[in-house]
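The values are calculated or read from the model by the stated rules, or taken from the named source; none is laboratory data. Source: prediction; values computed, not measured. A quick note on method: Cβ atoms are made from the backbone with ideal geometry, for glycine too, and the neighbour counts reach across all protein chains shown.
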Amino acid sequence: MMSADREIPPLPPASLRLKVDTAALVANWCMLDAMSGSASAGAAVKADAYGLGVEQVAPALRAAGARQFFVAHWSEVPSLLACVPAEEIAVLHGPVTAAEAAFGKDTGVRPVINSLHQAALWLDAGGGPCDLMVDTGMSRLGIALEEMGNEAIGRLAIHTLHSHLASADEDVPQNAIQLARFAQAAKAIPAQYRSLANSAGIALGADYAFDRTRPGIALYGGVPRREFTEKVKQIAFPQTSVIQIRTVAAGERIGYNGIDIAQHDMRCATVAIGYADGYLRCWTGHGQLRFAEVILPVVGRISMDLAIINCAAAPDLREGDFLDVCYDIPAASAATGLSQYELLTGLGSRFGRSG
Ligand SMILES: *Cc1c(COP(=O)(O)O)cnc(C)c1O
């Protein structure tokens, strides 16, 4: 039996890797900051920087010049505080309990106040600098425009006044309606800074930029609007390794439920990535891996921890070799039907993440 005090030896290198190209990340941020015009770009780093690893992403963005970082949950604050000063962090969900308000006070991280209830909790905790979200037509988070005159709102020390665009990735009248409502809120509510645009909103033009922008997806290789085509660089590069190579005899079935049948003797490799890693079953029939510039297609159904590829075109491929998983975000979205956001945030905890 293993005794409790027995030391676990160092882990061998991960057989599933996620390389984050921090130089490309910085280039994406600089592009978005420049497109923000007179406004400065912050960065949405919620959900572990969209699945890519906040401990690599946030320091790179900060070194590039980003000074406003957004997470959703209070639980995301400690890992971000390890690399970003508290006054540059805001928590989008705001304080829902007194304990969360106290945590905000104690850490010096700003809550984004979303409701009169949250305003009261924050003031009860002693108040201090906070952000305020107004709802301008998304009906998700934020105070209503009719609540702007509430006395609790009047007592807040507002650093940044926010609203969020519901359809910035489309050319629809809703954008201009939200812009007009936000301009009205910006007149009525005193705040140091104003912020409306997410990634897609940045492409809507100077009117939408205000003082601060909050890009997320386009930092990480997503293309939410055509204006970003050719401008956004891929930054997430998953790699997996071969666990086993076999020749599947003609007529044999491949993978769960035998949905594919070898038409002739077929050299196949089983690789260490599956739906538990975010490589979902919708990649079945669409996935591609690359070894030394040769594209190798997924065959059979994606399973939890494994996928099978036809590696006939790569006779040099050996067990233990690493392959690139083709993961250009817009192309992957087109291939699978998953949103660009889901493709990034779904990348699981078994990836060894590195810069
Ligand atoms: C997630 C989020 C963003 C970033 O949006 P992208 O579409 O990823 O650029 C900006 N603002 C708020 C309030 C968000 O929740």
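Below are the figures for this structure:
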read-out: Selection within segment 1-50 - part of a loop (DSSP other than H, G, I, E, B), surrounded by fewer than 18 Cβ atoms within 10 Å (Cβ to Cβ) and in contact with a helix residue (DSSP H, G or I) (Cβ under 7 Å, 6 or more places away or on another chain); value: G37
read-out: Count of segment 33-71 residues which are touching a Ser or Thr at 6+ places or on another chain (Cβ under 6 Å) and among the β-branched types (V, I, T); value: 1
read-out: Subset of segment 43-75 (residues that are farther than 21 Å from S199 by Cα and either within 13 Å of the ligand (Cβ to nearest atom) or touching an Asp or Glu at 6+ places or on another chain (Cβ under 6 Å) (or both)); value: W74
read-out: Positions within segment 144-156 being assigned to a helix (DSSP H, G or I), in contact with a helix residue (DSSP H, G or I) (Cβ under 7 Å, 6 or more places away or on another chain) and farther than 17 Å from R194 by Cβ, in sequence order; value: E147, A152
read-out: Tally, over segment 165-209, of residues that are farther than 25 Å from G149 by Cβ and either of a type in the set (D, E) or part of a strand (DSSP E or B) (or both); value: 4
read-out: Any hit, segment 59-77, residues being closer than 21 Å to L132 by Cβ, crowded, with 23+ Cβ neighbours inside 10 Å and touching a Phe, Trp or Tyr at 6+ places or on another chain (Cβ under 8 Å); value: no
read-out: Pair list, Cβ < 7 Å and 6+ apart or interchain, from segment 69-96 residues that are under 22 Å from S163 (Cα atoms) to residues that are aromatic (F, W, Y) and more than 14 Å from the ligand (Cβ to nearest atom); value: W74/F103; V91/W74; P95/W122
read-out: Residue match in segment 247-261 (condition: closer than 20 Å to I143 by Cβ, more than 11 Å from the ligand (Cβ to nearest atom) and touching a residue at least 24 places away in the same chain (Cβ under 8 Å)); value: no
read-out: Residues (part of a loop (DSSP other than H, G, I, E, B) and out of contact with any strand residue (DSSP E or B) (no Cβ under 9 Å at 6 or more places or on another chain)) located in segment 210-252; value: G222, V223, P224, R225, T229, E230, K231, V232, K233, Q234
read-out: Tabulated pairs, segment 185-200, first modelled with pLDDT of 95 or more, second among the hydroxyl-bearing types (S, T, Y) and buried (at least 18 other Cβ atoms within 10 Å of the Cβ), C-beta under 6 angstrom, 6+ apart or interchain; value: Y193/T160; S195/T160; L196/S163; L196/Y208; A197/Y208; A197/T213
read-out: Residue within segment 145-164 that is under 22 Å from the mean Cα position of the chain (by Cα), more than 14 Å from the ligand (Cβ to nearest atom) and either modelled with pLDDT of 95 or more or farther than 26 Å from P215 by Cβ (or both) present; value: no
read-out: Single residue of L141, L165, L161 found to be surrounded by 15 or more Cβ atoms within 10 Å (Cβ to Cβ), within 30 Å of E227 (Cα to Cα) and out of contact with any helix residue (DSSP H, G or I) (no Cβ under 7 Å at 6 or more places or on another chain); value: L141
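The rows are residues; the columns are (1) touching a residue at least 24 places away in the same chain (Cβ under 8 Å); (2) surrounded by fewer than 19 Cβ atoms within 10 Å (Cβ to Cβ); (3) not in a strand (DSSP E or B).
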| site | (1), (2), (3) |
| --- | --- |
| L296 | yes, no, no |
| R301 | yes, no, yes |
| E319 | yes, yes, yes |
| L323 | yes, no, no |
| A332 | no, no, yes |
| Y341 | yes, yes, yes |
